[in-house]
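Colleague: Quick one: structure below, then a few questions.
The values are calculated or read from the model by the stated rules, or taken from the named source; none is laboratory data. From a predicted model like this one, the values you see are computed outputs, not experimental measurements. Counting neighbours? That spans all protein chains shown, and the Cβs are built from the backbone with ideal geometry, glycine included.
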Amino acid sequence: MARRISRSTRAGQPRSAVPLRWLRNRVPLVAAVLLVVTALWVTYFIVPLLGAHKVDATVVENRGRPYRCEVVWSGPDNRLGGRGYVECAAAQVGDRVSVYAMGWPRSGTADDPATALILALLGAFLGFLLAGLMIGVSATQLHRLRRRFDRTSSRPPG
């Protein structure tokens, strides 16, 4: 038994059974996951803008003013290039409109680059704000606990 205890301690400190414990003590797991999800969200909306290009699309369906039109376009080899829903207030079925086709990973979809950028920035702002609040609250709690521990451990015994 003494041999097992001596292996599990080093200079009087118990060995951490949790990998990356130093990080988990400073950053809550939920905040770390939220930062990863935020990065994926931003990537999903920003990376396609790098390959975005204008294409001439044909209006397939227009249900009127408050709705978006469904459009399709052909790729370079006359296969279906993609489809999407875009603003086209007065366009009729069969009319040609110019739209932005997104790049990978959203290939084959039409979207407005300004809308994609706004969604990316909004997601980044909200994700970083929530993660920052979580980390700030966690850091405040940790600081208070350390201060309380320092006060109690500095008292003389008795």
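Colleague: For residue 99, state whether it is outside any strand (DSSP E or B) and over 22 Å from residue 39 (Cα atoms).
Modeller: Values: outside any strand (DSSP E or B): no; over 22 Å from residue 39 (Cα atoms): yes.
It is false that residue 99 is outside any strand (DSSP E or B) and over 22 Å from residue 39 (Cα atoms).
Colleague: Return a yes/no flag: does the range 42-58 have any residue that is in contact with a strand residue (DSSP E or B) (Cβ under 9 Å, 6 or more places away or on another chain) and either among the basic types (Lys, Arg) or at pLDDT below 90 (or both).
Modeller: yes
Colleague: Across the range 92-139, what is the number of residues that are surrounded by 16 or more Cβ atoms within 10 Å (Cβ to Cβ), small (Gly, Ala, Ser), at pLDDT 90 or above and out of contact with any Gly (no Cβ under 7 Å at 6 or more places or on another chain)?
Modeller: 6
Colleague: Can you tell me which residue among 145, 122, 117 is touching a residue at least 40 places away in the same chain (Cβ under 8 Å) and more than 21 Å from residue 73 (Cα to Cα)?
Modeller: Details: 145 fails: touching a residue at least 40 places away in the same chain (Cβ under 8 Å); 122 fails: touching a residue at least 40 places away in the same chain (Cβ under 8 Å).
From the options 145, 122, 117, the qualifying one is 117.
Colleague: What number goes with the only condition from (1) assigned to a strand (DSSP E or B); (2) touching a residue at least 24 places away in the same chain (Cβ under 8 Å); (3) charged (D, E, K, R) that residue 65 does not pass?
Modeller: Failing condition for residue 65: (1).
Colleague: Taking the conditions exactly as written (closer than 26 Å to residue 49 by Cβ, part of a helix (DSSP H, G or I) and out of contact with any helix residue (DSSP H, G or I) (no Cβ under 7 Å at 6 or more places or on another chain)), does residue 152 satisfy them or not? Walk me through how you get there before you give the answer.
Modeller: On the way: closer than 26 Å to residue 49 by Cβ: no; part of a helix (DSSP H, G or I): yes; out of contact with any helix residue (DSSP H, G or I) (no Cβ under 7 Å at 6 or more places or on another chain): yes.
For residue 152, the condition - closer than 26 Å to residue 49 by Cβ, part of a helix (DSSP H, G or I) and out of contact with any helix residue (DSSP H, G or I) (no Cβ under 7 Å at 6 or more places or on another chain) - is not met.
Colleague: When residues of the range 22-38 are filtered for being touching a Leu at 6+ places or on another chain (Cβ under 7 Å) and modelled with pLDDT under 90, how many remain? Before the answer, list the steps.
Modeller: Within the range 22-38, the subset touching a Leu at 6+ places or on another chain (Cβ under 7 Å) is 34.
From what's left, modelled with pLDDT under 90: none.
Matching residues across the range 22-38 total 0.
Colleague: Need pairs with beta-carbon distance below 6 Å; first residue touching a residue at least 60 places away in the same chain (Cβ under 8 Å) and within the range 25-49, second part of a helix (DSSP H, G or I) and exposed (fewer than 15 other Cβ atoms within 10 Å of the Cβ); sequence gap 6+ or separate chains.
Modeller: Listed pairs, sorted by first residue: 49/113.
Colleague: Could you look through the range 104-153, keep only residues that are over 21 Å from the mean Cα position of the chain (by Cα) and charged (D, E, K, R), and pick out the one that is farthest from residue 32 (Cα to Cα)?
Modeller: Filtering first and then ranking leaves 151.
Colleague: Within the range 83-100, identify whether any single residue is of a type in the set (Ser, Thr, Tyr) and touching a helix residue (DSSP H, G or I) at 6+ places or on another chain (Cβ under 8 Å), and answer yes or no.
Modeller: The initial filter retains those residues of the range 83-100 that are of a type in the set (Ser, Thr, Tyr), namely 85, 98, 100.
The next check asks that each one be touching a helix residue (DSSP H, G or I) at 6+ places or on another chain (Cβ under 8 Å); those that pass are 100.
Scanning the range 83-100, I find at least one residue that is of a type in the set (Ser, Thr, Tyr) and touching a helix residue (DSSP H, G or I) at 6+ places or on another chain (Cβ under 8 Å), so the answer is yes.
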